[in-house]
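The values are calculated or read from the model by the stated rules, or taken from the named source; none is laboratory data. It should be emphasised that the depicted structure is a prediction, and the values quoted were computed from it without experimental measurement. Note that we place each Cβ from the backbone using ideal geometry, even for glycine, and neighbour counts take in every protein chain shown. Accessible surface areas use protein heavy atoms only, side chains included; no ligands, DNA or RNA. Shrake-Rupley method; radii C 1.70, N 1.55, O 1.52, S 1.80 Å.
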Amino acid sequence: MQYRPLGRTGWHVSEVSFGAWAIGGSWGQVSDDDALAALHQAVDSGVNFFDTADVYGNGRSEQLLAKLKKSCQQEIIVATKAGRRLPKQSVAGYSAANLNAWVEDSLRNLSTDCLDLLQLHCPPTELYERPEVFEILDALVKFGKIRYYGVSVEKIDEALKAMQFPNVQTVQIIFNCFRQRPAEQFFPLAKQNQVGILARVPLASGLLTGKLRRDSRFPPDDHRNFNRHGQEFDVGETFSGVDYATGIEAVEEIRGFVPPALTMSQFALRWILMFDAITCAIPGGKRPEQVADNCGASDVPALSDNAMAEVRRVYDRKIRPIVHQHW
Ligand SMILES: NC(=O)c1ccc[n+]([C@@H]2O[C@H](COP(=O)([O-])OP(=O)(O)OC[C@H]3O[C@@H](n4cnc5c(N)ncnc54)[C@H](OP(=O)(O)O)[C@@H]3O)[C@@H](O)[C@H]2O)c1
């Protein structure tokens, strides 16, 4: 496992880290035993950074991470998020009272007295015109409740605006073979500002693992079933906003130039790591085998120029018209 600097925090985090949404909820049933085995596999594979949120399984994901921390020797860094407990998103909802209460809940769930990194969880775009929200976060740092803060965003414009606040350490954004626009304008500026980038949905919700088929079915409590058309939250969070049939076709094209020594998941993650502005990819994993597979992406050689060009070609032809200008 290779490590990269996380913003200006001084921390070096595993370039393949762990996304802990699926072990919380919204992805079908995952038992505590499987979830903990997946987390331990991550630590054994060198992962030292875990992304979660207060709402993943209503605190379950954070509580599982607290169990992991208790039972392993290695130092691990946990990034959590706040804001999605609001019944309806509004800037006014990001008040000092709400933020303080959400932070207290996360501290309890994570069994700690200071959160490593708190991210605003895809707040409304207007929030980036409201410095007072960032002043509340500065106060939380000052009072020792959080060490650092960052944001998770839907849109590139939000990422650019977030970086105007000097204490934003990280931006979490969707970036994968099917979501390439962040590399254009945002990556060079993030690098210049030493803002860490967490690449979320790196496997396009499993599409880029190459295991899904045209007729794959998902359980009713899996967002790949209930949010296929953005019914519950931003459609971009499910299959990266690519319609399923087109995604499957594009995956079949990409499969043709995955080197034999790599699994398709490793290829998709290695593609992300080819961008040096990226701090880490945070693939979700429900079982140890998935986590071991994903972590292997850090140890494989760089992709060839030809492979990078082929992914770009598939993106330009099939995916770009669907997603490029939307986020
Ligand atoms: N708004 C936000 O801030 C936000 C939104 C979305 C995600 N995130 C973060 O980003 C993380 C990653 O995104 P994501 O979990 O949505 O999607 P993802 O990482 O693209 O896909 C994860 C899913 O793919 C399957 N998978 C993973 N590795 C595999 C492997 N090696 N082989 C076969 N299947 C594999 C698993 O589901 P199955 O086995 O069921 O197929 C897993 O749950 C989340 O966990 C969360 O921490 C944040």
task: Restricting attention to the stretch 240-258, report how many residues are at pLDDT 95 or above and open to solvent by less than 50 Å² (accessible area, probe 1.4 Å).
output: 12
message: So, L110, is that one free of Cβ contacts under 8 Å to residues at least 40 places away in the same chain and within 22 Å of Q63 (Cβ to Cβ) or not?
response: no
task: Mind listing just one residue for me: the one in the stretch 214-227 that is more than 20 Å from C122 (Cβ to Cβ) and in contact with a helix residue (DSSP H, G or I) (Cβ under 7 Å, 6 or more places away or on another chain) and, of those, surrounded by the fewest Cβ atoms within 10 Å (Cβ to Cβ)?
output: P220
- line: When (1) away from the ligand (no atom under 16 Å from the Cβ); (2) over 19 Å from the mean Cα position of the chain (by Cα); (3) not charged (D, E, K, R) are applied to A277, the one that fails is (2)
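Filter the stretch 58-97 down to the residues that are of a type in the set (D, E, K, R) and either assigned to a helix (DSSP H, G or I) or open to solvent by less than 20 Å² (accessible area, probe 1.4 Å) (or both) and list them by number.
Let us first name the residues in the stretch 58-97 that are of a type in the set (D, E, K, R), namely 60, 62, 67, 69-70, 75, 81, 84-85, 88.
Answer for the stretch 58-97, where residues must be of a type in the set (D, E, K, R) and either assigned to a helix (DSSP H, G or I) or open to solvent by less than 20 Å² (accessible area, probe 1.4 Å) (or both): R60, E62, K67, K69, K70, K81.
For the stretch 98-127, name all the residues that are within 16 Å of the ligand (Cβ to nearest atom), under 21 Å from R147 (Cβ atoms) and in a helix (DSSP H, G or I). Step through it out loud before you land on a result.
So the first thing to find is which residues in the stretch 98-127 are within 16 Å of the ligand (Cβ to nearest atom), and the list is 102, 106, 109-110, 115-125, 127.
Now narrow it down to the ones that are under 21 Å from R147 (Cβ atoms): 102, 106, 109-110, 115-121, 123.
Those that are within 16 Å of the ligand (Cβ to nearest atom), under 21 Å from R147 (Cβ atoms) and in a helix (DSSP H, G or I): W102, S106, N109.
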- request: Could you grab me the full set of residues in the stretch 178-193 that are surrounded by fewer than 24 Cβ atoms within 10 Å (Cβ to Cβ) and assigned to a loop (DSSP other than H, G, I, E, B)?
  value: Q180, E184, Q185, N193
statement: By residue number, the members of the stretch 1-60 that are among the charged types (D, E, K, R) and within 15 Å of the ligand (Cβ to nearest atom) are E15, D34, D51, D54, R60
- prompt: Would you say Q41 is open to solvent by 20 Å² or more (accessible area, probe 1.4 Å) and either among the polar types (S, T, N, Q) or part of a loop (DSSP other than H, G, I, E, B) (or both)?
  reply: yes
Some residue of the stretch 4-27 being free of Cβ contacts under 8 Å to residues at least 40 places away in the same chain, surrounded by fewer than 21 Cβ atoms within 10 Å (Cβ to Cβ) and touching a strand residue (DSSP E or B) at 6+ places or on another chain (Cβ under 8 Å): yes
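Scan G196, G206, G230 and give me the residue that is open to solvent by less than 60 Å² (accessible area, probe 1.4 Å), more than 8 Å from the ligand (Cβ to nearest atom), small (G, A, S) and closer than 18 Å to S17 by Cβ.
Answer to the check: G196.
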query: Any idea which residue in the stretch 122-161 is farthest from the chain's Cα centre (by Cα), counting only those that are open to solvent by 20 Å² or more (accessible area, probe 1.4 Å) and touching a residue at least 60 places away in the same chain (Cβ under 8 Å)?
result: R147
- prompt: Among the residues of the stretch 282-309, which ones are within 13 Å of the ligand (Cβ to nearest atom) and open to solvent by 60 Å² or more (accessible area, probe 1.4 Å)?
  reply: R287, E289
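Tell me whether the stretch 67-85 contains one or more residues that are more than 18 Å from the chain's Cα centre (by Cα), within 11 Å of the ligand (Cβ to nearest atom) and on the phi > 0 side of the Ramachandran plot.
Quick first cut of the stretch 67-85, residues more than 18 Å from the chain's Cα centre (by Cα) only: 67-75, 85.
Checking the rest, the ones that are also within 11 Å of the ligand (Cβ to nearest atom) come to none.
Taking every residue of the stretch 67-85 in turn, none turns out to be more than 18 Å from the chain's Cα centre (by Cα), within 11 Å of the ligand (Cβ to nearest atom) and on the phi > 0 side of the Ramachandran plot.
Name the helices (runs of 4 or more DSSP H) wholly inside the stretch 216-327 in which the number of residues that are in contact with a Pro (Cβ under 7 Å, 6 or more places away or on another chain) is 2 or more.
Numbers: elements: 223-226, 244-255, 264-273, 288-295, 305-314, 320-323.
Helices (runs of 4 or more DSSP H) meeting the threshold: 223-226, 264-273.
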